[in-house]
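The structure under discussion appears below in the form of structure tokens.
The values are calculated or read from the model by the stated rules, or taken from the named source; none is laboratory data. All values derive from a computational prediction rather than experimental measurement. All Cβ positions, even for glycine, are placed from backbone atoms using ideal geometry, and neighbour counts span all protein chains on display.
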Amino acid sequence: MAFPEVILRSQIIKDYWGKLEKCFPQSQIFIIDENKNLIGFMNAIPLFYDLPLTELPDEGWDWLMKKGIKDFENNLMPNTLGGLQIIVTKEYQGKGYSKLLISRGKQLKEILGLKNFIIPIRPILKHKYPKEKMKDYMNLRENGEIFDPWIRTHIKSGAEIIKVCTNSMNVTGDINFWEQLLYKKIFHSGTYEIKGALNLVSIEIENNYGEYKEENIWVYYP
């Protein structure tokens, strides 16, 4: 996984990620070069969803991961493909492989006979602006184009933005937990910046508690 350390501490990842390839080997997409070196991959998960896309939950990525596994365990027939992660190895970045993986995801949706392809995307430069709300960040422009390259890639690949999911990845813990991630002692309640995080962590000293709510953006491919 290419998530920052704070996300890797997620209880959802601990509980469900290990089941992904076991339950859904057919929806993990890999691209290799002529020497069988890994170029990139997409992790995706089928699930059942029958409400309007505008009602997709604020618990975006966490919900998607949990829902797909639970549906599988309950033998619920999927009708939707959810994208969890797209990774291109460093030496192949900037060569169009992200768009190729997105295209393969759209093809997989058709192959599996599913209705929708949805992704709670994680803009790649948002961690540099953790104090900014996603609803404002996603609309930033530079030279007439969408500022964030990952949002831009999805739009150019045919995605349509549904909405922000405000608690897409959730991580909680006591003060000691957060001191380990912040690499410093915490003496005051308030908000703190953490490496790789898209939003700030809220700390409550009096309750020995901290919570990270990460905003992502729900997009879908018609």
Qualifying residue in the stretch 38-50 (condition: among the charged types (D, E, K, R) and at pLDDT 95 or above): yes
Enumeration of residues in the stretch 131-141 that are more than 18 Å from Asp58 (Cα to Cα) and in contact (Cβ under 8 Å) with a residue 40 or more places away in the chain: Lys131
Residue among Lys99, Lys90, Lys67, Lys115 that is surrounded by fewer than 17 Cβ atoms within 10 Å (Cβ to Cβ) and either closer than 18 Å to Met169 by Cβ or without any contact (Cβ under 8 Å) to a residue 24 or more places away in the chain (or both): Lys90
Test result for Ile12, assigned to a helix (DSSP H, G or I), surrounded by 11 or more Cβ atoms within 10 Å (Cβ to Cβ) and modelled with pLDDT of 95 or more: yes
Residues satisfying the stated conditions in the stretch 192-222, i.e. touching a residue at least 24 places away in the same chain (Cβ under 8 Å), in a strand (DSSP E or B) and more than 17 Å from Glu59 (Cα to Cα): Ile203, Tyr209, Gly210, Tyr221
Condition met for Lys99 (assigned to a helix (DSSP H, G or I) and touching a Ser or Thr at 6+ places or on another chain (Cβ under 6 Å)): yes
Selection count, the stretch 99-132, where residues are hydroxyl-bearing (Ser, Thr, Tyr) and within 25 Å of Lys67 (Cβ to Cβ): 1
Of residues in the stretch 169-191 being assigned to a loop (DSSP other than H, G, I, E, B) and touching a strand residue (DSSP E or B) at 6+ places or on another chain (Cβ under 7 Å), the one surrounded by the fewest Cβ atoms within 10 Å (Cβ to Cβ): Asp174
Filtered residues of the stretch 122-168 (kept if surrounded by fewer than 14 Cβ atoms within 10 Å (Cβ to Cβ), under 26 Å from Pro52 (Cβ atoms) and of a type in the set (S, T, N, Q)): Asn139
